[in-house]
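First up is the structure itself, then whatever we jot down about it.
What follows draws every value from the coordinates through simple rules; no lab data is involved. These numbers come from a predicted model, not from an experiment. Because the Cβ atoms are built from the backbone with ideal geometry, glycine has one as well, and the counts that use them run over all protein chains shown.
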Amino acid sequence: MDPKGRVITVVACVLGAVLVVGGGGVSVLCVVLAVTGSGGTRGGWAWGAAGLAVVAALVAWTGFGTLVDARAERRATLLLAAVGVEATALVLTVASAPPGSDETPRVRLLTRISGPGFEPFESGNDVPAYRFGRAPQGALLRARVNPTTRAFTLERPPAPPAPREAPDPLR
């Protein structure tokens, strides 16, 4: 689970609301124009208005889904923060994975998660390479787990220390 912050949730909810209101309004307007025949929608134009109403309704439906998903993800994040327990995730394998829908490079991370209050379990996820691409096999990552649902989040591994330069004996 990727924790969702307050700002991301607000942005997603505003976007969803704009799509719902805009798509719903255009859909209703197109249906009214198609049914009443006003606004030059006689004959073949009525079918165009009806088609536009369907497209606008799909935009509104997408906005509604965005709104509902954003709120559910935020609730899950808050629940995990409230009832989650500290745990460890042992990295079993790290392999390349196909890029995500946004073309972000991803890695396939297989982990064994264990901690107090639940039986250890394994989880395989495709995660952004910028977050977990440096995690070597055998590394222990910090995790937070909801013992009831097994929803969890992983903390990014620490950056490797910068290589130190050997002192110059001529200085």
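Brief remarks on what is shown
- P(r) histogram, all alpha-carbon pairs of the chain included - 10 Å bins from 0, percent: 9, 22, 23, 16, 13, 9, 4, 1, 1, 0
- Between residue 130 and residue 150, the distance separating the two model label sites (each 7 Å from Cα on the Cα→Cβ line) works out to 3.1 nm.
- Charges were assigned to the Cβ only: +1 to each Lys and Arg, -1 to each Asp and Glu. The resulting dipole of the range 39-109 about its Cα centre is roughly 200 debye.
- Helix 44-83 axis, angle to the chain major axis (alpha carbon atoms, nearest 10°): 30
- Hypothetical label at residue 54: residues of the range 16-38 whose amide nitrogen lies under 20 Å (7 Å Cα-Cβ projection): 23-37
- Electrostatic dipole magnitude of the chain [Cβ: Lys, Arg +1; Asp, Glu -1; Cα centre; debye, to 20]: 220
- Proximal charge balance of residue 10 [Cβ under 15 Å; K/R count +1, D/E count -1]: +3
- Placing a label point 7 Å from the Cα of residue 28 along the Cα-to-Cβ direction, the residues of the range 50-73 whose backbone N falls under 14 Å of that point are 57, 60.
- Think of the chain as having a plus end and a minus end, set by charges on the Cβ of Lys, Arg, Asp and Glu; of 70, 123, 82, 82 sits farthest toward the positive end of this dipole.
- Multiplying the residue separation of residue 18 and residue 61 by 0.36 nm and removing their Cα-Cα distance gives an extension gain of 14.3 nm.
- For the range 38-120, the square roots a ≥ b ≥ c of the C-alpha gyration tensor eigenvalues yield an a/c of 1.5 or more together with a/b not exceeding b/c, which makes the shape oblate.
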